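Enquirer: Could you have a look at this structure, given as structure tokens, before my questions?
The values are calculated or read from the model by the stated rules, or taken from the named source; none is laboratory data. On a predicted model such as this, the values are computed, not experimentally measured, just so you know. Cβ sites come from the backbone with ideal geometry, for glycine too, and all protein chains shown count toward neighbours. SASA here: full protein model, heavy atoms, side chains in, ligands and nucleic acids out. Shrake-Rupley method; radii C 1.70, N 1.55, O 1.52, S 1.80 Å.
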Amino acid sequence: MKELEYPFDSEYILKKRKALKKALLGETGQNRLKKRIAVLGGSTTHDVREMLELFLLNAGIEPVFYESEYNQYWQDVMFDSPELAAFCPDVIYIHTSSRNISAFPGVRVPAEQTEELAESVYAPFEQMWKKIEEVYQCPIIQNNFEPPAYRLLGNADFSDPHGRVHFINRLNGKFAAYAASHKNFYIHDIHYMASCYGVQKWADPLYWHMYKYACAVQAIPELAYNLANIIKSLYGKNQKAFVLDLDNTLWGGVVGDDGADNIEIGQETPLGQLYSEFQTYLKAHGELGILLTVNSKNDEENALAGLNRPDSVLKPEDFLVIKANWENKDRNIAEIAQELNIGTDSLVFVDDNPAERHIVEAQVPGVKVPEVDDPAGFITTLDRAGYFEVTGLSEDDLARNAMYKANAERKKQEAGYTDYADYLRSLDMDAQIRPFAPVYMARIAQLTNKSNQFNLTTKRCSQAEIEGFAQNPAYITLYGKLKDKFGDNGVISVVFGHCEKEDETLFHIDLWLMSCRVLKRDMEYAMMDELVSRCAGRGVRRIKGYYYPTAKNGMVKEFYAKQGFTKTAEDGEGNTEWEFVIPERYEKKNRVIRVNAQEEEA
């Protein structure tokens with residue numbers, strides 16, 4: 001819904017919240033994730049919850065909320081609120097602010113005692129977080145502290161240990177240190193939000209003293225949108241790739257008319273500097289693992305000439321796909337999504353031309369189309385939109401661009417073979433298939449939330465849940481890594497399930513998924529072989545699999561049939577159950593991938 005995309009009109013959203021919610025819930029064909037979110041507030045949270053609900057619905061997440069009573073956030077956790085326990089939250093959000101700091105240092109307090117005071121303010125928060133981790137084992141999102149509304153010491157408030165600015169920065173540093181050392185704990189950076197919004201407007205005392213709002217009502221949509229970005233990132237709702245126009249988007253001018261020597265890029269002019277800064281911003285996203293592509297109405301020769309300028313920050317090799325032609329841009333975008341093997345809802349289309357944006361938005365389902373008109377605002381618009389919010393950064397993320405480039409090389413090699421089995425053998429593939437390991441927990445959780453096409457049940461899991469499965473003796477867990485002569489694909493497959501207490505010879509597959517970048521490489525057969533081996537070793541005789549159809553996973557509808565399972569049930573919605581009886585002599589299906597070869601050699 002365009003009204004809920006950044007930049008949005010906060011006043012409009014606040015006024016039309018009921019109509020917007022009704023419209024969102026009335027949208028057909030939506031397959032939203034359902035998540036239970038506990039909002040534990042140190043201030044009034046009703047409007048925060050309502051705004052958050054709108055942004056999450058728009059992101060494909062249907063939330064159910066628990067709200068603490070006013071300023072009972074600590075008590076609900078520490079005194080084991082039965083209502084919170086019964087709610088079984090998937091996420092706990094702690095909405096505190098500088099108004100909840102119990103004490104600030106007075107100017108007469110000895111400087112060495114200000115650290116003791118900071119620790120006494122911080123300690124109850126850490127105590128609460130550890131209790132949540134122990135009892136609820138779910139992601140925690142915690143506000144840090146916004147700057148104070150006034151500076152008693154003026155500019156010295158920043159550096160003097162008695163200053164409120166100094167004290168809040170000290171507390172925020174403690175919060176950051178905890179986040180850096182604890183998984184499943186995320187900081188909601190209202191310090192940055194308030195600074196961007198304007199501290200005086202954000203912390204308007206009228207709203208606190210009249211309604212106990214931690215920030216001005218007009219700022220609540222901004223706060224809720226930023227919070228929604230964290231939650232949607234946790235559950236795999238981020239975008240994955242930029243689709244970028246060239247003329248007047250990556251540089252000033254039209255390269256086909258002006259020539260590559262005359263477009264504005266580099267440090268010679270203020271406008272050129274703006275475009276160089278934007279290219280630097282995009283290149284940094286590439287280093288994060290965000291895929292960069294080009295979609296430009298241009299002759300390819302001219303497009304490459306512009307990118308090959310010595311002062312262009314982005315070069316042709318920074319892009320996985322370059323579509324520089326005279327086709328309609330919506331058609332090019334569909335082809336880009338197909339070549340990358342990702343959904344169009346994973347793409348962010350950046351083009352200065354409003355007509356092109358309108359056509360793409362109308363013709364390409366799900367693609368994000370930010371309003372970018374002035375190059376001075378390109379970075380702010382994209383950055384605040386939160387398309388690529390980082391809640392975890394794995395080695396696989398950092399290597400993603402290299403992995404996609406290696407896939408392109410594989411496709412080139414495939415074209416030279418007439419026998420597909422010979423092609424697979426030529427890749428010289430090695431797989432590591434092992435039970436879940438601590439070093440890969442973050443990546444495994446990430447895969448459960450991002451994989452949509454090759455995903456039999458689309459069960460979404462937090463890292464805490466993944467760690468729980470790994471420690472549960474009733475579960476069998478497997479991750480699969482795959483590398484070949486072109487490179488390492490990292491962890492690309494996950495299978496886990498459980499044995500019944502009543503019948504330990506029956507194993508239920510709770511989730512089976514695989515990254516689409518390794519489709520048709522026989523990795524699924526290697527995973528099946530290892531799963532059967534693990535099950536047989538525990539005395540399991542029957543394996544049950546489940547397929548739950550979604551809008552995106554039709555490609556695996558008959559997956560279990562190909563693995564030798566027999567369909568045992570199907571309902572009117574297409575949900576199916578399958579069963580595999582492990583034979584006394586199981587014949588392995590994988591014949592082209594070496595599995596755990598290095599471990600066997602060791």
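Enquirer: Determine whether region 492-502 contains at least one residue that is assigned to a helix (DSSP H, G or I) and surrounded by fewer than 17 Cβ atoms within 10 Å (Cβ to Cβ).
Expert: Looking for residues that are assigned to a helix (DSSP H, G or I) and surrounded by fewer than 17 Cβ atoms within 10 Å (Cβ to Cβ), one finds none in region 492-502, hence no.
Enquirer: Shifting gears a bit: Give me a count of the residues in region 507-529 that are open to solvent by less than 30 Å² (accessible area, probe 1.4 Å), over 17 Å from LYS562 (Cβ atoms) and modelled with pLDDT of 95 or more.
Expert: The number of residues fulfilling the criteria is 3.
Enquirer: Looking at region 382-390, is at least one residue out of contact with any helix residue (DSSP H, G or I) (no Cβ under 8 Å at 6 or more places or on another chain), among the hydroxyl-bearing types (Ser, Thr, Tyr) and either closer than 29 Å to THR280 by Cα or at pLDDT 85 or above (or both)?
Expert: Yes, region 382-390 has at least one match.
Enquirer: Then there is this: Return the residues of region 188-208 that are farther than 15 Å from ILE168 by Cα, out of contact with any Lys or Arg (no Cβ under 9 Å at 6 or more places or on another chain) and open to solvent by 30 Å² or more (accessible area, probe 1.4 Å); say none if nothing qualifies.
Expert: TYR197, GLN200, LYS201, ASP204, PRO205, LEU206, TYR207
Enquirer: Any chance region 448-466 includes a residue that's farther than 26 Å from GLU558 by Cβ and at pLDDT 90 or above?
Expert: Pass one, region 448-466, residues farther than 26 Å from GLU558 by Cβ: 462-466.
From the residues that got through so far, the ones that are at pLDDT 90 or above too are 466.
Within region 448-466 (the criterion being farther than 26 Å from GLU558 by Cβ and at pLDDT 90 or above), the answer is yes, since at least one residue qualifies.
Enquirer: Would you be able to tell me the number of residues in region 450-477 that are within 14 Å of VAL491 (Cα to Cα) and not in a loop (DSSP other than H, G, I, E, B)?
Expert: Going through region 450-477 one residue at a time, the tally reaches 2.
Enquirer: Is there any pair linking a residue in region 164-184 that is hydroxyl-bearing (Ser, Thr, Tyr) to one that is open to solvent by 30 Å² or more (accessible area, probe 1.4 Å), with Cβ under 8 Å and at least six apart or on different chains, and which?
Expert: From region 164-184, the pairs are TYR178/GLU126.
Enquirer: Among the candidates ALA337, ALA362, ALA303, single out the residue that is open to solvent by 10 Å² or more (accessible area, probe 1.4 Å) and out of contact with any Asp or Glu (no Cβ under 6 Å at 6 or more places or on another chain).
Expert: The match here is ALA362.
Enquirer: Right, here's the next one. Residue check: is ILE265 in contact with a Pro (Cβ under 8 Å, 6 or more places away or on another chain), farther than 28 Å from PHE8 by Cβ, of a type in the set (A, V, I, L, M) and open to solvent by less than 30 Å² (accessible area, probe 1.4 Å)?
Expert: Numbers: in contact with a Pro (Cβ under 8 Å, 6 or more places away or on another chain): no; farther than 28 Å from PHE8 by Cβ: yes; of a type in the set (A, V, I, L, M): yes; open to solvent by less than 30 Å² (accessible area, probe 1.4 Å): yes.
Spelling it out, it is not the case that ILE265 is in contact with a Pro (Cβ under 8 Å, 6 or more places away or on another chain), farther than 28 Å from PHE8 by Cβ, of a type in the set (A, V, I, L, M) and open to solvent by less than 30 Å² (accessible area, probe 1.4 Å).
Enquirer: In region 146-172, which residue that is farther than 18 Å from PRO205 by Cα and assigned to a loop (DSSP other than H, G, I, E, B) is most open to solvent (accessible area, probe 1.4 Å)?
Expert: Within region 146-172, the match that is most open to solvent (accessible area, probe 1.4 Å) is PHE158.
Enquirer: Where the second residue is open to solvent by less than 10 Å² (accessible area, probe 1.4 Å) and assigned to a helix (DSSP H, G or I) and the first is more than 24 Å from GLY289 (Cβ to Cβ) and touching a residue at least 60 places away in the same chain (Cβ under 8 Å) and lies in region 443-472, which pairs have Cβ atoms under 8 Å and are six or more apart or on separate chains?
Expert: From residues that are more than 24 Å from GLY289 (Cβ to Cβ) and touching a residue at least 60 places away in the same chain (Cβ under 8 Å), the pairs are LEU456/VAL556; LEU456/TYR560.
Enquirer: Looking only at region 224-246, decide whether some residue is free of Cβ contacts under 8 Å to residues at least 40 places away in the same chain and either under 22 Å from MET51 (Cβ atoms) or in contact with a helix residue (DSSP H, G or I) (Cβ under 6 Å, 6 or more places away or on another chain) (or both). Please lay out each step first, then the result.
Expert: Taking region 224-246 as the starting set, the residues that turn out to be free of Cβ contacts under 8 Å to residues at least 40 places away in the same chain are none.
Within region 224-246, not a single residue is free of Cβ contacts under 8 Å to residues at least 40 places away in the same chain and either under 22 Å from MET51 (Cβ atoms) or in contact with a helix residue (DSSP H, G or I) (Cβ under 6 Å, 6 or more places away or on another chain) (or both).
Enquirer: If you don't mind, another one. All but one of (1) open to solvent by 60 Å² or more (accessible area, probe 1.4 Å); (2) under 27 Å from the mean Cα position of the chain (by Cα); (3) within 23 Å of LYS368 (Cβ to Cβ) hold for TYR12; which doesn't?
Expert: (2)
Enquirer: Kindly provide the set of residues from region 367-401 that are assigned to a helix (DSSP H, G or I) and aliphatic (A, V, I, L, M), ordered by number.
Expert: Taking region 367-401 first, the residues assigned to a helix (DSSP H, G or I) are 375-385, 395-398, 400-401.
Scanning region 367-401 gives ALA376, ILE379, LEU382, ALA385, LEU398.
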